[in-house]
Structures are given as C-alpha cells and as structure tokens.
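For reference, the structure is listed below as structure tokens.
No lab work stands behind these numbers, since they all come straight from the coordinates. Quick caveat, the model's predicted, so the values are computed rather than measured. All Cβ positions, glycine included, derive from the backbone under ideal geometry; neighbour counts span all protein chains shown.
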Amino acid sequence: MKTEQKDLIKATVPILKEHGVLLTTHFYNRMFSHNPELKNMFNMGNQQNKKQQTALAMAVLAYAENIENPSALFPVVDSIGHKHTSLDIRPEHYQIVGKHLIASIAEVLGDAALPEILDAWSAAYSQLAQLMSGHEASLYSNQVKKTGGWTGWRPFLVKDKTEESAEITSFYLYPTDGGAVADFTPGQYISVRLFLPELNLLQPRQYSLSNTPNGTYYRISVKKEKGSVHPDGIISNRLHDTIKVGDVIDVSAPAGNFVLNVTVDTPVVFISGGVGQTPLVSMLETLIKQEHQQPITWIHGCRGEHVHAFKETIAAWSEKSNQLNSHIFYDVLESDSTDSNIHEGWVNLDLLDETILQAKTKYYICGPATFIRKHFEFLTAKGVDKSTIHFEEFGPASLQLHGN
C-alpha cells in the first residue's frame, strides 16, 4: 500500500469507531441479499443478536488502527484463521466479501466516500485478504499432514450420547469411513454442521472437544438452551432432541488457539463458568494423564449441583492426583455439604488468594464475556502478568483484554 493510502485508512478510524456496527450490519445484509448461499456458512443466530456485526466492526477498526504494522494483529489473525478453517472458508470467499465490503463503504458513507478512500480501502482489504488466506493455507496444510487429518467437512457417526447433567450431554463421534481421526491440542474445538428444515439452511456451530486425543473418536459436551427457539441455540437443542445414536453429522477438523501449553512445568489454574468448562476438562485430563508435578487448581461455577457436569469425574481425578485441588461454586446450595471446597454464590477468587496466586502460574479462563472480564481484572489487579492469562469467549470475540 502507498503511504497516502495508509493515511486515508487511518483517517477513517473515527468514523469506524462511531459507525462501525452500522457499516458491518449493512455489509452483511448486502452480502446475504446478493449471495444467499453464504448463509449456510455463517451462524445466523449471531446475525440476529448482532454479535457477528460487532465482532467484525471491532476487527475492521483494529486493522485500520494497525495499518502501518498489520503483523501486530497476528494473535487476532491466528484466532480468526482457526475459526475460518473450521468453517471451510476458502480464498474465493474473500473475493465475495471484499466486493460487498467496499460497496457497503460506498453506500454507507455516501458523498463522503471519495474515490481515493474507496481505492485505499480496496488496497487495504486486498492486503488483509492475502494475510488471512495465506495464514489459513498453512493451517489447512498442517491439518492434512496429521495422521487422520482432513480439510472441509467429514461425516461422523454419533455412536453414543451420555448425560453429564440436567443440561449437558456428551456426544461420541466416530468417522463413518472407519479411518483415524487427527490428534488435537487440548482446548481446541470442532465445527458440527446440521441441516435445519425450518430455515432451509445448513448451520455450523463450534463445540470444544471435552476429552483427550485418542486417534479414534471425538467427544463434545453440549448444553441444551432451554426455551431457545431462535438460531442462537437451535443447533445445540437439535443435537439434544433430534440427533440419535446412529445418526450421521458433518464435522470439521480440530481448530483453535486457546490451548494448553503442555511443555511448561508450572502451577496451573483453571477457572470456568457453566459449559465453559468443556475445553478445560480436556486440558485437565491431559495434565492428570501426564502426572503433572506442579499444583493444579480447578475452579468451577454453575447454578447448582443438578446442572454440574463432570462432577464425579473431577472428584475421581482429585482422588488420583495429589496435585489437584478443586473449588466448586454453586449459585444456590441444593443440599447441606460439609465439603470446605464447595461454596455458595458466584465464583469468588478472593477466597482462594493463597491457592492461586503462586509464582509462574498459568491461568486458563473460559465462560461468558462478563465472567472472563471479572476474573481477568481480578488477577491483573493482584499483579499477575497478562501474558500468563489465557481465555476463550464462546461465540464471536468481543473482549479486548490483551491477554492470551
């Protein structure tokens, strides 16, 4: 890009801060109107609740702010790249997106969309598309190099369903071709794709892998969204209510960069809310199997004992490992308990200062955005280095905490 074009991009930053969501909302409406087939690749629930529009607006703003040094955005590029490969996004899709993005800028800005501004954004988008598609090409290449690896969608058999709590059920997925399945790094997810007759669309959703790699099958543990009649929870509910043992579903290869660092021998603290524990269960099981020699602290919060998934599993691991110490927080205690590690109320790290604030500790947090922000800010206020705090927000990213 020319220096003058970069200056024009930077000059649009105030506009993006004020009108970014308006622009991205117009963009998605335009793209789906002209290319309705792309609705099969996007989570339409996140279109309804505006999460996707907000996430894209934040990404475009971050790119404009860092136009002089796009490499500074690599952590974001990597995270989005993993999501794209899990959805089978290919270079041709960038061409479609670019066409509608530039047209949307012109239509939203109106007379302010001078030709030189549109040219600058066309050059900027071309640079971004090359950066993203190049990184995704390397991710795809790494996937197929693995034993049992693949790209795109692969049919898997639902071989078993196991209720983990009143809300969460685990699904055991085996490839229909009988081949091996690629190993993954604990914390990663897969995409599952189902056809929804009521929308006449294929719809993908990401679910964390809740077991350790075994080369034979994947396990996802899915929360049923009670009362949900819109696309935001419709896939999870379809898995619970309609998908039976013996059914076949489409699955993409494991992806994601919220992963356990298995090479560092340090204390580890896991902090989860609700179904946010699923990727952390995979991480914890890995440490148990490796006989991790440093302290491990498991902190989990949920509404009550009846919705507490993997309770017996964690208890059994605690018996097996002298290093594991668990603390459970229930919004409401449903029965009397003499266990000092069971607490009433929301997760409160103040109660665990001495346990979790050890030198060189690695922290992994997963749950809703407000849950992550609360505990991230608690840890940093206590002097914890942000680089040691790793987190994943379910759904399109909205947090700008500069951790991970």
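Just a few scattered comments:
- Take every pair of alpha-carbon atoms less than 8 Å apart whose residues are at least six positions apart; their mean separation over the length of the stretch 66-158 yields a relative contact order of 39 percent.
- Here the calculated FRET efficiency for Glu107 and Asn40, from their Cβ-Cβ distance with R0 = 30 Å, stands at 0.75, rounded to the nearest 0.05.
- Cα pair count fraction exceeding 21 Å, expressed as % - the stretch 268-393: 34 percent
- Residues Asp336 and Asn69, FRET efficiency given R0 of 56 Å [Cβ-Cβ distance, rounded to 0.05]: 0.45
- Highest-first arrangement of 279-292, 99-112, 334-347, where packing means the average Cβ count within 10 Å: 279-292, 99-112, 334-347
- Point-to-point label distance, Val248-Asn49, nm (Cα→Cβ direction, 7 Å offset): 3.2 nm
- Across the stretch 3-145, the mean sequence separation of Cα contacts (distance under 8 Å, 6 or more residues apart), normalised by length, yields a relative contact order of 37 percent.
- The stretch 5-91 shape via C-alpha gyration tensor axes, a/c threshold 1.5: oblate
- Span-like helix ranges in the chain, DSSP H, alpha carbon extent 24 angstrom or more, Kyte mean at least -0.5: 13-34, 91-109, 115-145
- Take every Cα pair under 8 Å whose residues are at least 6 apart in sequence, average their separation, divide by the length of the stretch 154-251, and the relative contact order is 36 percent.
- Shape analysis of the chain places it in the prolate category; the axes a ≥ b ≥ c from the Cα gyration tensor give an a/c of at least 1.5, with a/b above b/c.
- Calculated FRET value between Thr3 and Lys99, using beta carbons and R₀ = 22 Å, to 0.05: 0.25
- Taking each of Lys320/Lys362; Lys50/Lys226; Lys83/Lys159; Lys17/Lys226; Lys159/Lys226; Lys6/Lys374 in turn, the alpha-carbon distance tops 31 angstrom for Lys17/Lys226; Lys6/Lys374.
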